[in-house]
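Everything below concerns the one structure shown next.
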Amino acid sequence: MPKALEEVTKDALELAPRQRLALAEFLLASAEAAPDPEAEAAWDSEIRDRIRAIDEGRVTGIAYEQVVREAEKRLAP
């Protein structure tokens with residue numbers, strides 16, 4: 001761990017629990033605020049490919065209710 005990161009981490013761990021939580025929330029929000037352009041482009045491409053496959057009849061959808069039923073069966077103990 002780089003020296004600066006070690007120092008920041010040490011300082012953060014000395015904060016009161018509520019302050020650490022606020023810091024964690026801030027850090028998570030800041031990480032989510034900057035989308036990865038490559039990931040966004042990959043998702044856009046995937047979405048277009050899936051829509052095209054449905055429109056061309058290469059795949060068929062499954063009703064939401066059926067998906068939920070099957071998921072519940074698989075997750076049941």
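The values are calculated or read from the model by the stated rules, or taken from the named source; none is laboratory data. All values reported here derive from a predicted model rather than from experimental measurement. Backbone-built Cβ (ideal geometry, glycine too); neighbour counts: all protein chains shown. Side chains included, ligands, DNA and RNA excluded: accessible areas come from the protein's heavy atoms. Shrake-Rupley method; radii C 1.70, N 1.55, O 1.52, S 1.80 Å.
Of note:
- The eigenvalues of the Cα gyration tensor, multiplied by 5 and square-rooted, give the chain an equivalent ellipsoid with semi-axes of 43, 22, 10 Å from largest to smallest.
- Simple label model, 7 Å out from Cα along Cβ direction - GLU46 to GLU65, nm: 2.9
- Extension gain, LEU15 back to LEU75 (0.36 nm per residue minus Cα-Cα distance, nm): 17.6 nm
- The heavy atoms of ARG69 offer some 140 square angstrom of accessible surface to a 1.4 angstrom probe.
- Under the Karplus curve 6.51 cos²θ - 1.76 cosθ + 1.60, θ = phi - 60°, whole-Hz ³J(HN,Hα) for segment 13-24, x wherever Gly or Pro sits: 5, 8, 6, 5, x, 5, 5, 5, 5, 4, 5, 4
- Charged-residue dipole, Cβ positions (Lys, Arg, Asp, Glu), the chain about Cα centre, Debye nearest 20: 340
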